[in-house]
Each structure stands twice: as structure tokens, then as C-alpha cells.
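Derivation of every value follows stated rules applied to the coordinates shown; laboratory data play no part. Note that the coordinates shown come from a computational prediction; the quantities given were computed from them, not determined experimentally. Because the Cβ atoms are built from the backbone with ideal geometry, glycine has one as well, and the counts that use them run over all protein chains shown.
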Amino acid sequence: MRMSHVADLPVLPRRLAAADPGWAETTDVVVIGSGVAGLTAALHLREQGLRVTVVTKVNIDDGSTRWAQGGIAAVLDPLDTPAAHANDTEIAGVGLCDPAAVRVLVEEGPVRVRELMRLGAAFDRNADGSLMLTREGGHRADRIVHAGGDATGAEVQRALHEAVRRDPWIKLVEHALVLDLLRAADRRVCGITLHVLGEGAEDGVGAILARAVVLATGGMGQVYASTTNPLVSTGDGVALALRAGVAVTDIEFVQFHPTSFVTAGVTSAQRPLISEALRGEGAHLIDEDGERFMVGRHELAELAPRDVVAKGIHRVLRQTGADHVYLDARHLGRDFLERRFPTILASTRAAGIDPVTELIPVAPAAHYASGGVRTDLYGRTSVPGLYACGEVACTGVHGANRLASNSLLEGLVFSRRIADDVARGLPAQADPAPRPQGPAWVVSESIRADLQKSMTRGAGVLRSADGLATTAKELSDLGDERSAPRKAAWEATNLLTVATALVASAATRRETRGCHWREDFPNAADEWRGHLLNMIGETGGVDQRFEEMA
């Protein structure tokens, strides 16, 4: 079913305004991003004998992976089964998961986690040497492996970082913002343009020519005023794909983590995460009267899927007018909390809250994009030569709401599949064709804070036709504020691009499903059981197409 162009939204550039490339180099595959998906893809591509260049926006460790606290979900207990993991994943996804993609995830996941262990990732173990497994929201079995108590992402990033550094055939380009894709005459992707804050030859705008490109740029949480994502999460990969005419799907399904830390002195640029694993170990959500408000709302209470818990908290906040509820972990005891959750205790204590003796103030914050660049089971996008994995991708695994701790697993599983597919049919290097003559500009970086506030008001946890229409108009006005090309302006343009596509999809999807909550359409509807695909049309507008589930 084809849908008309969405009106009252900004006109978007088909490419970013930038200087012509002043330098160029060639590799076999360029990987954009240095989190779990990007680094794992690079390592697997090297196993295939390919030269790899990894491009990352700041430093190799500055993405979202190192902030992951909870762990990795995988069937590593003999009493657990892939079918049970698949069932939990599909329940969380509320009817929009691709069963084939879920099957790939749960069946190949344990092997990929063991590969990560062989690379040197050290997960927490019991006294007998067995893996220490825990449970998080939406899981009906203990299947979450973790490291350093609540520092899993940091350990995964360390292990992958060291493996990449050991390989002389993986070139790392840091402090580099990717601008746009290069295409050959046959429309196949043949490289990227980028801007590097460096010295010498790789300084300023350049080009990396490659026989394949892997997007692993992470999420877009900085489109909101309150997020658990780092400052670098500005939706660069999704925006780049949209400009290139690549299909982006399910972008309206933004997961708000129920429990981000809310207290004076914590900057809104990135809110500290209070891991779901804390609830998995027995912490309770309570309101200002000390009542456990999730009991009776769902059979799993505080361990319901994240969209359910976030909505439960939001209802309490609307009723009370407060800006937070509380997480009570006091009954778990000092010894357990300090051993199991050292990262959380360090961040809360630094802000003056000690979970051993005090309640932790929490509220939902933008956390994870369940949608993204549409891929098949081998990470292939709608444009030949372009692959995507990790949070930037929409593999079909997450549906309308990601199951806790499936994100790191998805990066591990699908990066391996990409490497296998690339090695099977990598073409010769092609020369770039002339770049398209469509609209090219950037907006002012000064719009960033206003964009975040507008998105939080109208396209955040709770949405409605009126709120989305207001946000669309505000985005359109912000899009009129143009700028000269520079890094902050490129990022702001990427934020405007993903925000526009998100608002378009959220306005079109007239139902409540998963982490998309429409106040004016409070129920799920069978006619919306499918996927909204977004692309930027030739005139810079968002074009949509709806595909029903089979």
C-alpha cells in the first residue's frame, strides 16, 4: 500500500553541503562506527582476508556500547531454549517481529557470545566457574550474561578494542564524521565522503573508496532532551541512508528506558542509566506514597517489557505532577549492591544518592531505536553494496519494542552474517559517478536544543495528532535556519532529518503498539500490523509506504 507525501514537515537535503573531497584513499570495506556491531564486523571481515577501515566520529570507545550495563541475552543455560528466548522476544515486539530474524538471533546468539569470550571478554561467573546469569524485563528465564556486575558494555568494548588494535590490517580513523555515500554508475555504493578533524593528509573533507560499506553508527537518542545515549548519538547513519534513498523502517518505535537517574546536578545531555538488571535482582518501583504501582498492571510487575513499565511510570507522573518515581533497592543490602552494581552506585553516590539507604529517583528517557535502516537477514539494505547492523539497522528482530539485552546480541549476530555475505560476492572497486544535483544544505547548530525540546513535548513517550502536528510545524520552522558547513551543523542536520522521519511515521501510525503510544488511538489495530517505510523524495519531502505483515 503506497501512501502520499507527508505534509507540513521540513524539506530535507538530499546531500549535505560540504567542500569537495580534498583527499582520497581506498580499502576493501569501510565500517562506519566503533561499537559492538562495527568492531565485530571489522574483525569478521578481516577473517575473510579483507582490508578494513573503521571510521568513528570521536574516539573508538565513545559510542553507546560501553554504556550498556545489563548484559547480553543468550541461551547459555542447559534448561533454557532458543524457542523460549524467541517467544519472549516476539511478545515484547507486539506482533511486528520478523520470526525468521528472531530465529537467527536466538539460534546463532550463543555461538557469537562464546566467540566474544574467546576474544577475551570476561563475564561474571559463579564460584564453580559457571556463567552467572540474571533476568531482565520481558524475560521468563535467567539468560543475561554480564561483566563487572553492571559494566558489561565496557568489558565488551575493551575486548573488541584490543582485538582490533592487534590487527595491522584494520585501519582506524577517529574524529571523523561521515557525510554522504558515493555511488557508482550502476547505483552501487562505492565509498563515502567524510570530514576528519586531523592533521596532514587526512584533514578536512575527504573520500574513502570501498567495495562495500557497513553502517554501524548506533542510535539517535540525542533527538530528545532526555536520553541515556551519549552526545555522539545523533542519528548519522539513518540520516545518511535517508539522503541516499535507502529505505528506513519502524523509526517511530523509540524505546524509552523506564529508569534513568533523575536528580539535581545530572545533565540532561545524557542521563545515567539505572539498569533493568537492578529490578531483575529484586528492586521495586514505588510511587511517592511507597506503593508498588506495577503490581497488578502486568504479570511480571516491574519486569514487564520496557514499554509497559515506561507507560506505567508515565501514568503515575501524569497523576501526581511529579517528574520522577522511585526505585527501591535498599532491601538488597550493601554487600550485594556494591558487588553487583558498582557502576550504578558510583554514579548515584556522586550525585548525592546512596541506594543502600535511599530511594533512587527515576523516570523514562529515550534509550534505543527499535527501527532504522531496513535490512534482510544478511544485513543487506535496499541499495547494493550498503550493509547495516546494530542499532542503526532494522533487522526485524525488535518489532515494536526491543526485548532487554537483545541489542548487543543483535550486533554480534548480524555483523558476522554481513561479513559472510560480503566475502561471497565482493565486486571490483568502482569509480564514483557524479553526485546528484538535488538540494544540498545544512541547518544551524543553534536549533539543536529547540529540536530536542520539541521532540520531547510532541513525539516522546506520549503522542497525539495535535502534539505531532505542532512538532512538525516547529521542525519546519527550525529547518529554515541555515548555516555554513561545519561539524555541529552537519550533526544538527542529521538530527532534523531523523526527527522529521520519526514524526512523519508517528503521525501516520494511528494506533498504540509497543513503544509507540498514541493518546488519541489507545489500542493496537490489526490494519496497522505492518511496517512504515520512509525515504526522502526527489524534492526533499518524506515519502512513505506501508507494508502489511504476511
So what is log10(I(q)/I(0)) for segment 71-140 at q = 0.12, 0.14, 0.19 1/Å, when the Debye sum runs over its Cα atoms only? -0.35, -0.47, -0.82
Cβ-based exposure ranking for Arg211, Arg529, in which fewest neighbours within 10 Å come first: Arg529, Arg211
Cα-centre dipole for segment 422-550 with unit charges at Cβ (Lys and Arg positive, Asp and Glu negative), debye to 20: 360
What number, rounded to the nearest 500 deg cm²/dmol, is the helix-based mean residue ellipticity at 222 nm of the chain, given -39500 (n - 2.57) per DSSP H run of at least four residues and division by all its residues? -9500 deg cm²/dmol
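If you look for lysine pairs in the chain that are eight or more places apart or on different chains, how many of them have Cα atoms under 20 Å apart?
4
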Based only on other Cβ atoms within 10 Å, what is the fewest-to-most ordering of Arg118, Arg15? Arg118, Arg15
With +1 assigned to the C-beta of every Lys and Arg and -1 to the C-beta of every Asp and Glu, and no other charges, what is the dipole magnitude of segment 259-365 about the Cα centre in debye, to the nearest 20? 240
Checking rank on 506-518, 19-31, with mean other Cβ inside 10 Å and highest first, the result is 506-518, 19-31
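Under the classification rounded if a/c is under 1.5, otherwise prolate if a/b is larger than b/c and oblate if not, where does segment 259-365 fall, given a ≥ b ≥ c as square roots of the Cα gyration tensor eigenvalues? Before the final figure, lay out each step's value.
Details: a/c = 1.68, a/b = 1.22, b/c = 1.38.
Here segment 259-365 falls in the oblate category.
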Tell me, Ile60, Ile418 in order of fewest to most beta-carbon neighbours within 10 Å? Ile60, Ile418
Isotropic mean projected area of the C-alpha convex hull, the chain (nm²): 23.6
If the only charges are +1 at each Lys and Arg Cβ and -1 at each Asp and Glu Cβ, what is the size of the charge dipole of the chain around the Cα centre, to the nearest 20 debye? 680
What value does segment 8-127 have for Rg/Rh, both radii from Cα atoms and Rh as Kirkwood defines it? 1.06
Quickly rank 42-53, 459-470 as a protection proxy: mean count of other C-beta atoms within 10 Å, highest first. 42-53, 459-470
Segment 445-548 - convex hull of alpha carbons, volume per residue in Å³: 100
